[in-house]
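Single-structure report; data block below.
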Amino acid sequence: MTTIADNIERLSDRLQRFERQYERSAASVKLLAVSKRHSVESIIAANKAGIEDFGENYLQEALDKIQHLSSIRVNWHFIGPVQANKTKAIAENFQWVHSIDRLKIARRLSDQREPSAAKLNVCVQVKLSQETSKSGVEIGEAEALCDSIQALPNLQLRGLMAIPAAEPDSDSQRIAFRALAKEYSRLKPCYAQFDTLSMGMSNDFEAAIAEGSTLIRIGTGIFGPRS
Ligand SMILES: *Cc1c(COP(=O)(O)O)cnc(C)c1O
């Protein structure tokens, strides 16, 4: 049986190989373990194997895990759609939110983030193709939302995120990633700590790395199929 530690080792090897193959700097791509629908024990196993960043989509499930795991030092990333009535718990319990697509949500998160805490790191989610989830701003609207977020006191704007529609092969996967990377490069000089291009999942992370991803979000490839 392959263990979570084996999966992480193999994934890290591939990640490093792709960094070399696509002429990316060493350690320029971070690995976020997406632990939704997986147990606290699985998270502990991944943490022992060196993972320090975990992504969750469902608030109540995430809060249970965060409380359970309060003794280990990890960074929690909220990567699912954010409902307005959930922003307070997210602002209080997470270090990152990847899925901001409305100013209203950003404002609430900033208002509800404890000013004495570190700023909440956020990415703007961009919608890249018709078929994908309803979440995300159109690519042409990303800049305006970034500008507004930049002005909020308790958020730190870190970059862009997308979940493109599934494509069968690397060449077609790369098209959407390239569009996001282009917008990321254009906006990067405008903001002080804009250093995160959150794109790539278990089935398309090679294409994402090839196009400049700095953070891949991997669930199945680490933890196996979700229940
Ligand atoms: C579930 C999820 C992932 C991980 O997907 P896998 O295909 O299991 O790697 C990544 N990003 C987001 C936003 C997700 O919801």
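Every read-out reported here was derived from the displayed coordinates using simple, explicitly stated rules and does not represent laboratory data. These figures come from a predicted structure and were not determined experimentally. Cβ sites come from the backbone with ideal geometry, for glycine too, and all protein chains shown count toward neighbours.
Amide H contacts of residue 202 (H built 1.01 Å from N, in plane; Pro and chain starts excluded): 219, 220, 221 sit under 5 Å, all sequence-distant by 5 or more or on other chains.
On the beta carbon distance between residue 141 and residue 85, with R0 = 22 Å, the FRET formula returns roughly 0.40.
Within the same chain, aspartates and glutamates fewer than 8 places from residue 86 are excluded, and of the rest, those with a Cα less than 18 Å from its Cα are 56, 61, 64, 101, 111, 114. Projected onto its three principal axes, the C-alpha set of the stretch 27-185 covers 41, 37, 29 Å, listed from the longest axis down.
Scalar couplings 3J(HN,Hα) for the stretch 212-217, obtained by applying the Karplus form with A = 6.51, B = -1.76, C = 1.60 to θ = phi - 60°, are x, 3, 10, 8, 9, 10 Hz; x denotes Gly and Pro.
Which entries of 88/182; 48/127; 36/104; 48/134; 30/127; 48/104 show an alpha-carbon separation above 31 angstrom in the structure shown? Exceeds cut-off: 88/182; 48/127; 48/134; 48/104.
Here the calculated FRET efficiency for residue 16 and residue 48, from their Cβ-Cβ distance with R0 = 25 Å, stands at 0.80, rounded to the nearest 0.05.
Spin-label model, residue 102 to residue 171: label points 7 Å out along the Cα-to-beta-carbon direction sit 4.0 nm apart.
When ranked by the protection proxy of mean other Cβ atoms within 10 Å per residue, highest first, what sequence do the peptides 195-207, 140-152, 213-225, 79-91 form?
So the order, starting with the most tightly packed, is 195-207, 213-225, 79-91, 140-152.
Would any residue of the stretch 207-223 have its amide N under 18 Å from a label point 7 Å out along Cα→Cβ of residue 95? List them or say none. Within reach of a label on residue 95, which here means backbone N under 18 Å from a point 7 Å along Cα→Cβ, the stretch 207-223 contributes 214-218.
For the stretch 170-181, the Karplus equation 6.51 cos²θ - 1.76 cosθ + 1.60, evaluated at θ = phi - 60°, returns couplings of 4, 4, 6, 4, 5, 4, 5, 4, 5, 5, 5, 4 Hz by residue, with Gly and Pro reported as x.
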